[in-house]
Amino acid sequence: MTDEDALLDAVRHAWAETLGIDADEVPLDEGFFDAGGNSLLLLLLWEQLNGLTDRDLRATDLFQHPTVRAQATFLVGGA
């Protein structure tokens, strides 16, 4: 498993914990709000994701990168 795959898995598990669902049910390419999230849960997710890398993650980054896959790519250092 590559570092990028591991980070994708970590983001998926953070979503699962935040949304209260099984990680296997978390869609990789569906937006957080479409998957059942709300603004309060987004802040809880932000707290979890903030500790995954050394990257300075802002809550607004989650709006710009709204899916599991997009957030993982962003945290790895991608666009």
Only helical DSSP H runs with n ≥ 4 go in: add -39500 (n - 2.57) per run for the chain, normalise by residue count and round the 222 nm mean residue ellipticity to 500 deg cm²/dmol.
-17000 deg cm²/dmol
Rounded accessible area per residue of the chain, 1.4 Å, Å²
58
Taking all protein chains in place and a 1.4 Å probe, what share, in percent, of the accessible surface of the chain do carbon and sulfur account for?
50
Please say if segment 26-79 is rounded, prolate or oblate, where rounded means a/c under 1.5 for a ≥ b ≥ c the square roots of the C-alpha gyration tensor eigenvalues, and otherwise the choice is prolate for a/b larger than b/c and oblate otherwise?
oblate
Can you give me the C-alpha center-to-center distance between segment 29-45 and segment 59-75, rounded to a whole angstrom?
11
Calculate, for Thr60 and Asp34, the FRET efficiency according to 1/(1 + (r/R0)^6) with r their C-beta to C-beta distance and R0 25 Å; round to the nearest 0.05.
0.85
On the full set of protein chains, 1.4 Å probe, figure out the accessible area of Thr53 and give it in Å² to the nearest 10.
40
What are the ³J(HN,Hα) couplings of segment 33-50, residue after residue, when phi is run through the Karplus curve with 6.51, -1.76, 1.60 and θ = phi - 60°? Round to Hz, x for glycine and proline.
5, 5, 7, x, x, 9, 5, 5, 5, 4, 5, 5, 5, 4, 4, 5, 5, 4
Relative contact order as a percentage, the chain, C-alpha pairs under 8 Å and 6+ apart, gives 38
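The values are calculated or read from the model by the stated rules, or taken from the named source; none is laboratory data. Just so you know, these numbers come straight off a predicted model, no measurement behind them. Methodologically, a virtual Cβ is constructed for each residue, glycine included, from the backbone with ideal geometry; neighbour enumeration extends over all protein chains shown. We work out accessible area using only protein heavy atoms, side chains counted, and drop any ligands, DNA or RNA first. Shrake-Rupley method; radii C 1.70, N 1.55, O 1.52, S 1.80 Å.
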